[in-house]
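Asks: Pasting in a structure now, in structure tokens, and then I'll have a few things to ask.
The values are calculated or read from the model by the stated rules, or taken from the named source; none is laboratory data. Computed from a prediction, not measured in an experiment: that's the story for all the values here. Cβ: placed from backbone, ideal geometry, glycine included. Neighbour counts: every protein chain shown. In case anyone asks, the SASA skips ligands and DNA or RNA and just uses the protein heavy atoms, side chains included. Shrake-Rupley method; radii C 1.70, N 1.55, O 1.52, S 1.80 Å.
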Amino acid sequence: MKRSDAMSLTASLLTAATVLVDDIHSGVAARGYTDIRPTHGFVFSRLSEAGATVTEVAEHLGVTRQAASQIVDELVAKGYVERRPHPSDARARLVVLTERGVRCTWAAEDAAVDALESWEDILGEQRLLAMRDELVRLAPNGPLRPAW
């Protein structure tokens with residue numbers, strides 16, 4: 001691949017990701033969750049399964065433990081997450097989504113569907129799903145984090 005093609009592809013992928021994050025964030029805000037930032041969605045994606053420690057959130061976001069702790073503190077204050085005793089490590093605390101946090105993730109899922117409608121209009125459902133499948137092959141396990 002030529003250097004110019006590689007740079008064009010890189011810029012296009014990064015731009016598409018930015019547009020998608022912005023559109024999802026706008027959709028979440030339109031659904032009433034106006035007090036969160038796009039970064040919070042990346043935290044929610046890590047917590048959605050069974051919660052995580054602050055250290056795991058830091059690793060997921062690619063930030064220091066202190067930065068992750070500040071983000072978690074902010075989300076606790078806003079009622080999106082709570083800290084609980086860790087089930088298998090008495091020294092650790094588990095950060096989990098509250099009911100409000102779960103509802104916000106549902107709003108984000110709905111916003112993602114809306115955001116991808118224009119992509120589907122351009123590419124068609126079959127090509128869009130094929131693109132998803134190819135991207136999963138290229139980056140099967142993430143990480144899913146903000147582009148700081």
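Condition check ((1) out of contact with any His (no Cβ under 9 Å at 6 or more places or on another chain); (2) of a type outside the set (A, V, I, L, M, F, W, C)) across all residues:
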| residue | (1), (2) |
| --- | --- |
| 54 | yes, no |
| 62 | yes, yes |
| 71 | no, no |
| 82 | yes, yes |
| 96 | yes, no |
| 102 | yes, no |
| 122 | yes, no |
| 126 | yes, yes |
| 136 | yes, no |
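Asks: Now for a different question. For the range 61-86: of the residues being over 18 Å from residue 104 (Cβ atoms) and small (Gly, Ala, Ser), which is most open to solvent (accessible area, probe 1.4 Å)? Steps first, please.
Replies: In the first step, residues of the range 61-86 are kept if they are over 18 Å from residue 104 (Cβ atoms); the result is 62-70, 84-86.
Next, from what is left, pick out any that are small (Gly, Ala, Ser): 62, 67-69.
Details: 62: 49, 67: 33, 68: 0, 69: 29 Å².
Checked the range 61-86; the qualifying residue most open to solvent (accessible area, probe 1.4 Å) is 62.
Asks: Exposed (fewer than 12 other Cβ atoms within 10 Å of the Cβ) and not in a loop (DSSP other than H, G, I, E, B): which single residue out of 121, 114, 110, 89 fits that description? Working first, answer last.
Replies: Details: 114 fails: exposed (fewer than 12 other Cβ atoms within 10 Å of the Cβ); 110 fails: exposed (fewer than 12 other Cβ atoms within 10 Å of the Cβ); 89 fails: not in a loop (DSSP other than H, G, I, E, B).
From the options 121, 114, 110, 89, the qualifying one is 121.
Asks: Within the group 18, 39, which residue is closer than 25 Å to residue 122 by Cβ and modelled with pLDDT under 95?
Replies: Values: 39 fails: closer than 25 Å to residue 122 by Cβ.
So the residue among 18, 39 that is closer than 25 Å to residue 122 by Cβ and modelled with pLDDT under 95 is 18.
Asks: Can you tell me how many residues in the range 46-60 are part of a helix (DSSP H, G or I) and open to solvent by 80 Å² or more (accessible area, probe 1.4 Å)?
Replies: Step one: of the range 46-60, the residues part of a helix (DSSP H, G or I) are 46-47, 54-60.
Checking which are open to solvent by 80 Å² or more (accessible area, probe 1.4 Å) leaves us with 59.
The total comes to 1.
Asks: Does residue 105 count as surrounded by 12 or more Cβ atoms within 10 Å (Cβ to Cβ) and in contact with a strand residue (DSSP E or B) (Cβ under 6 Å, 6 or more places away or on another chain)?
Replies: Details: surrounded by 12 or more Cβ atoms within 10 Å (Cβ to Cβ): yes; in contact with a strand residue (DSSP E or B) (Cβ under 6 Å, 6 or more places away or on another chain): no.
So residue 105 fails the test.
Asks: Of all residues in the range 10-45, which are within 22 Å of residue 119 (Cα to Cα), open to solvent by 70 Å² or more (accessible area, probe 1.4 Å), polar (S, T, N, Q) and without any contact (Cβ under 8 Å) to a residue 60 or more places away in the chain?
Replies: 15 - this is the single residue of the range 10-45 that is within 22 Å of residue 119 (Cα to Cα), open to solvent by 70 Å² or more (accessible area, probe 1.4 Å), polar (S, T, N, Q) and without any contact (Cβ under 8 Å) to a residue 60 or more places away in the chain.
Asks: Just to be sure I understand, how many residues within the range 92-102 are closer than 23 Å to residue 30 by Cα and either open to solvent by 30 Å² or more (accessible area, probe 1.4 Å) or touching a helix residue (DSSP H, G or I) at 6+ places or on another chain (Cβ under 7 Å) (or both)?
Replies: If we filter the range 92-102 for residues that are closer than 23 Å to residue 30 by Cα, which is where we start, we get 97-102.
Checking the rest, the ones that are also either open to solvent by 30 Å² or more (accessible area, probe 1.4 Å) or touching a helix residue (DSSP H, G or I) at 6+ places or on another chain (Cβ under 7 Å) (or both) come to 97, 99-102.
Of the residues in that region, 5 qualify.
Asks: Out of the range 135-148, which residues are open to solvent by 90 Å² or more (accessible area, probe 1.4 Å) and either without any contact (Cβ under 8 Å) to a residue 12 or more places away in the chain or on the phi > 0 side of the Ramachandran plot (or both)?
Replies: Filtering the range 135-148 for residues open to solvent by 90 Å² or more (accessible area, probe 1.4 Å) gives 137-138, 141, 144-145, 147-148.
Hits for the range 135-148 are 137, 138, 141.
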